[in-house]
Amino acid sequence: MISPEEIIQHYKRDKLLFETIKQLDIQIKPEPDIDIYHSLLASIVSQQLSTKVVKVIWSRFTGLFVDGYPEAESLLSKEHEVLRGIGLSNSKANYVKNVAEFSLKNDMSFEYLEQKQDEEIIDYLSQIKGVGRWTVQMILMFPMDRPNVFPVDDLGIQNAMKKLYGLELEKKELKLKMKEIASVWDPYRSLASKYLWKYLGT
């Protein structure tokens, strides 16, 4: 298993990224979690919200369940108004139930998903209404700790790369250029992306 330090050395072929990571002086450690069902619910609840708000709503959400764990059957039994009442939007209240329903009919275990390629996992989980490509990429990058994910549609990554590489392109042209730059990081694009988020926050 290659270490994060060894991966950073791999980025020497992109001097700009390598020097930026050195200047950031931040260690990014893997955050694996084998409970993909739980991670997916957390990802949906937290989308487009500040960290502070997420903490409050997630706490209210888990507070609805015995031992704080949203078992699928228990989640499906919750009235829509109850989920709305804790701060979930109309869409998110539906989406978390869609995840619960999917988990009862399909295998979402880490062991099952781990056997699949990244694109296969994206196709598999994005069958769930409300779960798109970006959401599954976050699952791949964080709980599953897959090494070569590049979320080109992520606004943070786009802005970070515009800033770092002085890109003035937009839309399709921007994404093509981003993919071209990121091809140098292959097969370790995930960690580079995580550093780009950190860079954007500085």
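Calculated mean residue ellipticity at 222 nm for the chain: -18000 deg cm²/dmol, from DSSP H runs with n ≥ 4 weighted as -39500 (n - 2.57), summed, divided by the residue count and rounded to 500. Between Q23 and E101, the distance separating the two model label sites (each 7 Å from Cα on the Cα→Cβ line) works out to 4.9 nm. Please enumerate, by chain and number, the lysines with C-alpha under 26 Å from the C-alpha of K92, excluding those fewer than 8 residues away in the same chain. Counting by Cα, and skipping residues close in sequence, K92 has these lysines nearby: K52, K55, K78, K105, K129, K194.
Relative contact order of the chain, taken over Cα pairs closer than 8 Å and 6 or more residues apart, is 26 percent.
Listed from fewest to most Cβ neighbours within 10 Å, the set K97, K105 follows the order K105, K97. Using a simple spin-label model with pseudo-atoms 7 Å out from Cα toward Cβ, D186 and I2 lie 1.3 nm apart. Y199 sits among other residues whose Cβ lies under 14 Å from its own Cβ, and their net charge, with Lys and Arg +1 and Asp and Glu -1, is +1. Potential lengthening of the chain between E79 and K52 amounts to 7.2 nm, from the contour at 0.36 nm per residue minus the alpha-carbon distance.
Taking a Cβ cut-off of under 11 Å around Y37, the surrounding Lys, Arg, Asp and Glu residues balance to a net charge of -4, with basic ones at +1 and acidic ones at -1. Working from Cα pairs under 8 Å separated by at least six residues, relative contact order for the range 36-141 is 33 percent. Listed by chain and number, the aspartates and glutamates placed with their C-alpha closer than 19 angstrom to that of K15 are E5, E6, D25, E180, D186; residues fewer than eight positions away on the same chain are left out.
As a proxy for reagent exposure, S89, S103 were ordered by neighbouring Cβ count within 10 angstrom, fewest first; the result is S89, S103. Applying 1/(1 + (r/R0)^6) with r as the Cβ-Cβ distance of K172 and E119 and R0 = 25 angstrom yields a FRET efficiency of 0.75.
Coordinate-derived values only; no laboratory data. None of these values were measured; they are calculated from a predicted model. Cβ sites come from the backbone with ideal geometry, for glycine too, and all protein chains shown count toward neighbours.
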